[in-house]
Each structure stands twice: as C-alpha cells, then as structure tokens.
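Each remark here refers to the structure printed beneath this line.
The values are calculated or read from the model by the stated rules, or taken from the named source; none is laboratory data. Bear in mind the structure is a predicted one, so any value in this text is a computation, not a measurement. In this analysis, Cβ positions are derived from the backbone assuming ideal geometry, glycine residues included, and neighbour counts consider all displayed protein chains. In case anyone asks, the SASA skips ligands and DNA or RNA and just uses the protein heavy atoms, side chains included. Shrake-Rupley method; radii C 1.70, N 1.55, O 1.52, S 1.80 Å.
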Amino acid sequence: MLTTARLEAFSDAVIAVAITLLVLDIKVPEASSTSGLWHALGDRWPNYASYAVSFVVIGIIWVNHHSLIDVVQRVNRPLALLNVILLLTIVLIPFSTALMARYLPHGGGLSHVAAAVYSLVFLLMSLGFAAVWLYASRGRRLVVPGFTDEELRQITRGFTAGLPLYGVAIGVAFLSAAACLVLHLLLAIYYALAARSSVRPPTAASG
C-alpha cells in the first residue's frame, strides 16, 4: 500500500544519493610542489562553484519536498509516478553540475551549452514539483483538509513562480555561463525564502 511515509522515505534516499554524487566530480589534483598544488586547487574553482550552488539547491529541494508531503493526506498511484518523475530530474543534477564545471572555464559556445543544459535540468525539476503539487491539490483530492482557496492559490504560486525564471536562466546561459550560475544561486535563495512556510498543515499554521 502506498503511504506518505513510504513516498517520503524513498524520496529522501534518492535525494541523498543525488547530493552525495555531487562531490565525486571534485577530483584530487596532482602536483609536485606546494605552489603547484595551490595553483591546481585554484584551477578547479568551476568545480567548487558548481558544487556549492547545486548542493544548496538540492538541499532546498529536500526541505521543500518535505513541506509538500506534509500537506498530502494520502498517496495514489498517479501521484507516486509523478513523484518518481520529479526524482528523475533531481538525479540528473549531478550530471549537469559536472558538465557545467567542465566547460564553465572554456567560455564561448561550450560554456553556453553546458549552462543551458544545467538550466534545463532545473527547469524540468521545477516542472516536476509543480506537477506533483497541482495533481495533489486539484479539487483538494489528496491534500489535508482545512486550506482556504487563497492559501491553495498561494502555495500554487510558490511552486510555479520559478518556471519562467528557469526559462530566463536558459536564455542567460547563451550570454554568460558564469552569470547563469549566479542566477541559479539567486533562484535557490528565492526558493529558500519564498512563501514555502505556508506549505504546512492548517493546524500547524494556526498554532
């Protein structure tokens, strides 16, 4: 039987694997001198920057996913499948992060394509979140009772507001890969500070 606890546990495991895989792209450099090692470490700044942004984003994904599941009263098969699709996009983040780190210092077309793919993965992730919430909340079929119509609309805005912004990020990728990475950091901050606090059971909201 599908339960919210099983859905949450499985999702936690997948997200934990995804966030752990990020560090595998940070390789130990080879060097024969102290100055050479410092130089080699410095040359890997794209790996550190991409890793940091993606780690923060996946961490926020984890927090927001818990917030979403907290207001889901029950799970059916379509919701579980939509959640699997969401997890599929999350697991792609380590690949897109490695791609970004590899081609960010190249500049030009290579960095633009890498940044566009990076942004596309996050757009797909955002679509996955929106799909899970919209399905669960449509007609109040799976969410806990007690939310007002305005509260549901507010939560929906929170889960869909990032969609056009990730589209903008894809456009920015073809102008500057570095600016695109900074934009993703800003989007992560937005999602951390946005009205996710409203995604909670009405009983908790009134307490």
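Peptides 146-155, 81-90, ordered by how many other C-beta atoms sit within 10 Å of their residues on average, highest first, read 81-90, 146-155.
What value, in deg cm²/dmol to 500, does the helix sum -39500 (n - 2.57) over DSSP H runs of n ≥ 4 give at 222 nm once divided by the residues of the chain? Can you show the working numbers first?
Working: 10 runs with 155 residues, N = 207.
Calculated from helices alone, the mean residue ellipticity at 222 nm is -24500 deg cm²/dmol.
Classify the range 47-90 from the C-alpha gyration tensor, please: rounded if a/c falls under 1.5, else prolate or oblate depending on whether a/b exceeds b/c. The shape class here is oblate. Between Asp70 and Glu150, the simple label model (points 7 Å from Cα in the Cβ direction) yields a spacing of 2.2 nm. Shape annotation for the chain: C-alpha extents along the principal axes are 63, 33, 32 Å, from largest to smallest. The apolar share of the surface of the chain, taken as the fraction of accessible area on carbon and sulfur atoms (1.4 Å probe, ligands and nucleic acids excluded), comes to 69 percent.
Tell me, what is the percent relative contact order of the range 7-123, built from C-alpha pairs under 8 Å that lie six or more residues apart? Reported relative contact order: 34 percent.
Across the chain, C-alpha contacts under 8 Å between residues 6 or more apart give a mean separation that, scaled by the residue count, equals a relative contact order of 26 percent.
The slack between Met1 and Thr20, meaning 0.36 nm per residue of separation minus the straight C-alpha distance, is 3.9 nm. Accessible area per residue for the range 49-129 is 39 Å², calculated with a 1.4 Å probe on protein heavy atoms, without ligands, DNA or RNA. Once backbone amide H atoms are built at 1.01 Å from N, Val143 has Gln73 as its partners under 5 Å, excluding neighbours fewer than 5 places away on the same chain.
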